[in-house]
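A.B. asks: Could you have a look at this structure, given as structure tokens, before my questions?
Values in this text are rule-based calculations from the coordinates and carry no lab data. On a predicted model such as this, the values are computed, not experimentally measured, just so you know. Reconstructed Cβ throughout: ideal geometry from the backbone, glycine too, with neighbour counts over all protein chains shown.
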Amino acid sequence: MKQHIVRRYSRNPILTSADIPYPVETVHNAAVVKHDREYIMLFRSHLRTGRSIIGLARSDDGFRFTADPEPFLTPERDGPFAAYEEFGVEDPRVTQIENEYVITYSAYSRNGVRIALAKTKDFKQVEKVALITEADYRNVVIFPERFGGLYARLDRPHSEISPWSIWISYSPDLRFWGESQLIMKPVPYHWDEMKIGPGAPPIKTGRGWLSIYHGVFQTMDGSIYRLGVALHDLHDPAKIIGVGDSWILQPEDPWEITGYVHNVVFTCGAVPESDGTVKIYWGGADTVMCVGEASIEDLVALCVDHGRPAK
Ligand code: BMA
């Protein structure tokens with residue numbers, strides 16, 4: 001029998017457009033964090049314009065979520081963000097840094113896609129702080145700790161010359177970023193050969209920072225989005241200890257195989273639990289939200305014992 005390293009929740013999908021109290025077409029690519037005793041989910045929804053907004057849902061157990069009556073983050077109409085969010089806001093990630101939650105999301109406009117950073121303490125008031133990349137970046141995840149006094153992020157610029165790869169950058173203040181380096185590349189003729197991108201913000205383990213990323217493979221029937229894992233050094237996250245050779249999750253359930261975009265599992269968030277498991281959240285076919293559980297030790301072992309080259 002096929003062994004699954006990620007055990008799907010039996011009642012997937014956990015959140016769909018039918019559960020949202022305002023009109024949306026999809027619910028997908030959500031960040032999830034624990035705040036007080038609640039699980040907070042920030043999810044992306046397409047509107048009937050084809051553009052996206054970000055909503056919020058809450059849960060006591062990480063499985064059953066209820067959406068707030070109003071969206072959480074929508075494109076600005078005035079001010080410095082307006083020119084860059086006109087086509088929508090997408091794919092949020094959230095990292096808790098001390099007593100604040102730092103949100104990064106893709107801002108789409110006629111000027112391209114770039115990443116914006118917002119902050120909240122309570123998921124009620126949110127402050128958009130800065131646009132932290134220029135155009136042609138997606139998938140920015142921020143580490144919850146500093147390294148040598150600097151914040152660190154994984155990101156994914158897109159280039160026409162090189163396959164789309166994972167980079168690291170540093171910042172003294174979360175606003176100005178630099179010292180960028182490419183640290184992980186797709187591997188030719190492998191499940192992640194076409195492009196890769198950071199998924200969930202990295203999780204601290206005894207053996208390194210566990211990063212759950214997405215990888216894409218192109219077939220005659222279009223692209224397949226799957227999830228994999230990489231382990232970064234605890235003190236120097238630019239150093240990759242290992243990248244799991246095999247994927248940990250691929251589209252298999254009917255709502256992952258068909259939908260707005262078929263054959264997609266895409267993560268923006270995972271919540272480590274005190275019993276050594278992690279809840280991984282993913283969008284199915286850019287249409288619904290799903291969850292599954294894995295042992296953190298198993299994911300780390302995949303990186304260390306069954307690795308592929310980082311680049
Ligand atoms: C990527 C992004 C994601 C999306 C995925 C599959 O390029 O647009 O938001 O989930 O494609 O469509």
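A.B. asks: Using the Cα centre of the stretch 177-228 as the reference point, and only Cβ charges (+1 on K/R, -1 on D/E), how large is the resulting charge dipole? Debye, rounded to the nearest 20. Could the numbers behind the result be given before it?
C.D. replies: Details: 5 positive and 4 negative charges, 45 e Å.
So the dipole magnitude of the stretch 177-228 works out to roughly 220 debye.
A.B. asks: Return 303, 268 ranked ascending by Cβ neighbour count within 10 Å, so the fewest neighbours appear first.
C.D. replies: Details: 303 25, 268 31.
Lowest to highest Cβ neighbour count: 303, 268.
A.B. asks: Continuing with the same structure: If the elastic network links every pair of Cα atoms under 10 Å, which of 67, 152, 82 fluctuates the most in the Gaussian network model of the chain?
C.D. replies: Ranking 67, 152, 82 by mean-square fluctuation puts 82 first.
A.B. asks: Let me ask you something else. Where does each of 5, 103, 14 land when they are ranked from fewest to most other beta-carbon atoms within 10 angstrom?
C.D. replies: Numbers: 5 17, 103 26, 14 21.
Taking fewest neighbouring Cβ atoms as first place, the list is 5, 14, 103.
A.B. asks: Binning at 5 Å from 0, report for the stretch 1-61 what percent of all alpha-carbon pair distances ends up in each bin.
C.D. replies: All Cα pairs considered, the percentages come to 4, 16, 22, 22, 16, 10, 7, 3, 1.
A.B. asks: Another question about this same structure. Can you tell me the relative contact order of the stretch 7-308? Whole percent, Cα pairs under 8 Å, sequence separation 6 or more. Could the numbers behind the result be given before it?
C.D. replies: On the way: 855 pairs, mean separation 46.8, N = 302.
Relative contact order, the stretch 7-308: 15 percent.
A.B. asks: Size of the dipole of the chain about the Cα centre, Lys and Arg at +1 and Asp and Glu at -1 on the beta carbon, nothing else charged, in debye to 20?
C.D. replies: Working: 33 positive and 41 negative charges, 35 e Å.
Using Cβ point charges on Lys, Arg, Asp and Glu, the chain gives about 160 debye.
A.B. asks: Related question: By average Cβ neighbour count within 10 Å, what is the ranking of 161-167, 230-236 from highest down? Kindly include the intermediate steps, with their values, before the conclusion.
C.D. replies: On the way: 161-167: 16.1, 230-236: 18.9.
The most tightly packed comes first, giving 230-236, 161-167.
A.B. asks: Which of the pairs 239/311; 195/239; 128/185; 185/279; 34/185 have their Cα atoms more than 22 Å apart in this structure? Walk me through the numbers before you get to the answer.
C.D. replies: Values: 239/311 12 Å; 195/239 20 Å; 128/185 31 Å; 185/279 26 Å; 34/185 31 Å.
Correct reply: 128/185; 185/279; 34/185.
A.B. asks: Provide the gained length on full extension for the span residue 129 to residue 223, in nm with one decimal, where the gain is 0.36 nm per separating residue minus the Cα-Cα distance. Don't skip to the end; give the middle numbers.
C.D. replies: Details: separation 94, 0.36 × 94 = 33.84 nm, distance 3.43 nm.
Extra length available between residue 129 and residue 223 comes to 30.4 nm.
A.B. asks: Volume per residue, Å³, of the convex hull around the alpha-carbon atoms of the stretch 1-139? Intermediate results must be reported in sequence, preceding the final value.
C.D. replies: Values: hull volume 20.0 nm³, N = 139.
Taking the convex hull of the Cα positions in the stretch 1-139, it is 144 Å³ per residue.
A.B. asks: Percent of alpha carbon pairs in the chain separated by more than 28 Å?
C.D. replies: On the way: 15473 of 48205 pairs.
That fraction is 32 percent.
A.B. asks: Calculated FRET efficiency, residue 17 and residue 181, Cβ-Cβ r, R0 30 Å, to nearest 0.05? Before the final figure, lay out each step's value.
C.D. replies: Values: r = 40 Å, r/R0 = 1.33.
Calculated transfer efficiency: 0.15.
A.B. asks: Report the one residue of 178, 103, 197 whose Cα lies farthest in the direction of the positive end of the charge dipole of the chain (charges on C-beta: Lys and Arg +1, Asp and Glu -1; origin at the Cα centre).
C.D. replies: Of the candidates, 178 comes out farthest on the positive side.
A.B. asks: Moving on to the next point. With just the Cα atoms defining each centre, how far is the stretch 69-141 from the stretch 266-298? Give it in Å.
C.D. replies: 22 Å
A.B. asks: Next question, about the same structure. If you rank 91, 68, 122 by fewest surrounding Cβ atoms within 10 Å, what's the result?
C.D. replies: 122, 68, 91
A.B. asks: Now a separate question. Among 112, 154, 261, flag the residue with its Cα farthest along the positive direction of the charge dipole of the stretch 7-308, charges on Cβ as +1 for Lys/Arg and -1 for Asp/Glu.
C.D. replies: The Cα lying farthest towards the positive end belongs to 112.
A.B. asks: Can you work out the base-10 log of I(q)/I(0) for the stretch 116-156 at q = 0.18, 0.25, 0.27, 0.32 1/Å, using the Debye formula on its C-alpha atoms alone?
C.D. replies: -0.66, -1.02, -1.05, -1.08
A.B. asks: Over all directions, what mean area does the Cα convex hull of the stretch 148-187 project, stated in square nanometres?
C.D. replies: Values: hull surface 12.5 nm².
Projected area, direction-averaged: 3.1 nm².
A.B. asks: Would you mind working out the magnitude of the charge dipole of the stretch 113-192 relative to its Cα centre, with +1 at each Lys and Arg C-beta and -1 at each Asp and Glu C-beta, to the nearest 20 Debye? Mind dumping the intermediate values first?
C.D. replies: Working: 11 positive and 10 negative charges, 58 e Å.
Dipole magnitude for the stretch 113-192 comes out near 280 debye.
A.B. asks: Rounded to the nearest 5, what is the percent of antiparallel bridges among the DSSP beta bridges in the chain? Intermediate values should be presented prior to the final figure.
C.D. replies: On the way: 95 of 98 bridges.
Of those bridges, close to 95 percent are antiparallel.
A.B. asks: Mind checking which of 225, 53, 29 is farthest towards the positive end of the chain's charge dipole, using Cβ charges of +1 (Lys, Arg) and -1 (Asp, Glu) about the Cα centre?
C.D. replies: 225
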